[in-house]
1. Please state the shape class of region 42-87: rounded when a/c is under 1.5, otherwise prolate if a/b exceeds b/c and oblate if not, all from the C-alpha gyration tensor.
2. Tabulate in residue order the Karplus-calculated ³J(HN,Hα) for region 105-120, using 6.51 cos²θ - 1.76 cosθ + 1.60 with θ = phi - 60°, rounded to whole Hz; enter x for Gly and Pro.
3. Filter the chymotrypsin sites (Phe, Trp or Tyr not before Pro) in region 1-104 down to the DSSP loop ones having no more than 12 other Cβ atoms within 10 Å, then list what survives.
4. Quick check: convex hull of the Cα atoms in region 6-105, volume per residue, rounded to a whole Å³?
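All of the numbers you see were taken from the coordinates with simple rules; none came from a lab. Owing to the predicted nature of the structure, the values given are computational and were not obtained by experimental measurement. Quick reminder, even Gly has a Cβ in these numbers, built from the backbone with ideal geometry, and neighbours come from all protein chains shown.
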Amino acid sequence: MELERIDNIPTDTIDGYRVRPGKPLPFGVSSVPGGLNFSVYTSAGTSCTLVLYSRTEESPLAEIRVPDYYRIGDVYSIVVYDLDYEDLEYGFKIDGPHEPEQGHRFDRTNVLMDPYARVISGRDEWGIEPNWDRSDCCL
């Protein structure tokens, strides 16, 4: 009898998505059995929301707030199961202090590019002014 690995089993459901605490390393997105592990470092951030997009859509497919108990130190990580990675783009919303004198300019309404991304998409047409209301910054 073969036992299923316990880290392959979702522990929670958030907004209809099966999730569990992720692995802090490697940073960025990585494949795990049945899902994708998203991990991002922020030393001053106070909350993290994973924003998922279907590659062809302007509006988010989902915004999954990473539970605080999924955070390990300064790293937010979450595994989301059953995603079609071929049609997926993502970004993060990080909340935190707005203290420019300390170098902190957090704005939880902005979708941020993953600083650990290996591939960046969007802006397929160069030389034209982008639609800044659109979320072309995502991965």
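1. Prolate is the answer for region 42-87, as a/c is 1.5 or above and a/b outweighs b/c.
2. Each residue's phi maps through the Karplus curve to give 10, 5, 8, 5, 8, 8, 8, 9, 6, 5, x, 9, 4, 9, 9, 10 Hz.
3. Here no loop site has a sparse enough neighbourhood.
4. Here the figure is 105 Å³ per residue.
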